[in-house]
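Read the structure below first, then the notes.
Just so it is clear, none of the values below were taken in a lab; they were calculated from the coordinates. As the structure is a computational prediction, the values presented were derived from the model and not from experiment. We place every Cβ from the backbone using ideal geometry, glycine too, and count neighbours over all the protein chains shown.
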Amino acid sequence: MRQIIKVIGLGLISIFSVCGTAQAELLIGRLGTLKNPIGAPTTISSAEGFDLYVKKVNDAGGINGEPLRVIFRDDEFNPKLVVERAQQLIDEDKVLAIVLPQGTPGTLALNKSGVLKEAGIALVAPFGDVQVLASPNVFPIRSSYDDEVAALARQMTIIGQKRVAYFYYNTSQGPLFAPVFEKIVKAAGLDYVGAVGFDIDPAPEVQARLMKEAMTKLGALHPDAVFTFAVGPTFPIAMRQMLQTLGRGVTRYTFSINNWQTLIKQIGEEDARGMVFSQSVPYPYNVARKIVVEYRDALKKGGPALTPSFAGLEGYMAAKVLVTAIRHAGPKPTKEKVLAALESLGRYDLGDYVLNYSPVLHKAEPSVDITIIGSQGRLIK
């Protein structure tokens, strides 16, 4: 008997013992974290959406009479543990596919480890820069960071902004994305005025000093728009300091990896007002697309406590595409058959949201929404 963590039904967490069941089950592995505060909100919301679709399938009799079961392993938002937990899902849990890992560094470590390729297993819907994570075994459902920045650059030109700066935390992908950002904004006809990075320090007083120094450098560039590449606890610090230093005459932009609701909780509605976010999956708060209609209908059936979110919709979409592949894999699916089924989906419409999967192409057609935090903490498209 061995103990594992499982996410069941509507994102609820429980501990159970695997003792065998009378009925065959189709096992799906899910990565993410409930222990790390940076990744936990996204893990919880995406799990909620994923489980809504799984419940829908199981309530209808499963796939060829076999129910789906999701096995969750917490990687603590640690790249080393992402590789270890994925290996456990493959070797110990015998899952058909792995879904929804959080963060580019972890998924990148998983790609480099060769674990996915060696096992012949698919990784579906990583939450990160899908362009960096491109791999024969990875099947993204979101737009790339490049697509998001290109959409933001178009928005800047529409509202007449000219001088654009890049602000980033000096770790992970922050410095690496600087030349990509510069190329995209220049192609949009904008004036790229430069980049400013800031270091991260665990001591609050040191972090405050580092951020203040960085803001002084940023102000010297005289931008009217600033795109910030940072996540985690430094992001809200940066957004508040940027407002205080540069004022509301400078528009603050960021991408979908940052959660707008979390930002409001951390710095308040007034300081968050005016922040612009690109969104790499459809806007879930109206019914403009069929996949959103389907998702919101599932939320209503799930109960009044469930509310729409970008991560929840992303989880729902991930479940839908994976279930489609498992069905296409035949009556006795294996991880190899599911991988092959994903590669053979071709141009697949989830519901006014199109994916393109083949042996040489794994991507979503660019579909980025631009949103802004308005008055009273509302997100406006």
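Odds and ends about this structure:
- Chain lengthening between VAL287 and ILE158 when straightened (0.36 nm per residue, less Cα-Cα): 43.9 nm
- Judged by the mean number of other Cβ atoms found within 10 Å, the most tightly packed of the peptides 59-72, 77-90 leads the ranking 77-90, 59-72.
- Likely footprinting exposure, ARG273, ARG142, fewest C-beta neighbours within 10 Å first: ARG273, ARG142
- Between the amide H of THR251 and those of ALA225, VAL226, distances stay under 5 Å, these residues lying 5 or more places away or on another chain, with hydrogens modeled in the peptide plane.
- Here the chain is treated as an ellipsoid with the same Cα gyration tensor; its semi-axes, largest first and in whole Å, are 37, 21, 20.
- Share antiparallel - DSSP beta bridges, the chain, percent rounded to 5: 40
- Calculated mean residue ellipticity at 222 nm for the chain: -13000 deg cm²/dmol, from DSSP H runs with n ≥ 4 weighted as -39500 (n - 2.57), summed, divided by the residue count and rounded to 500.
- Cα centroid separation, segment 177-247 to segment 315-381 (Å): 33
- When each of ASP75, ASP201, ASP93 is scored by the number of other beta-carbon atoms lying within 10 Å, the sequence from fewest to most is ASP201, ASP93, ASP75.
- Charge tally in the Cβ shell below 14 Å around LYS290, where Lys, Arg are +1 and Asp, Glu are -1, LYS290 excluded: -1
- Fraction of alpha-carbon pairs over 18 Å apart in segment 291-336 - percent: 40
- For segment 145-279, convex hull volume per residue from C-alpha positions, Å³: 94
- Relative exposure of ILE158, ILE44, ILE257, judged by other C-beta atoms within 10 Å (fewest first): ILE158, ILE44, ILE257
- Gyration tensor (Cα) of segment 305-381, equivalent ellipsoid semi-axes in angstrom: 32, 16, 8
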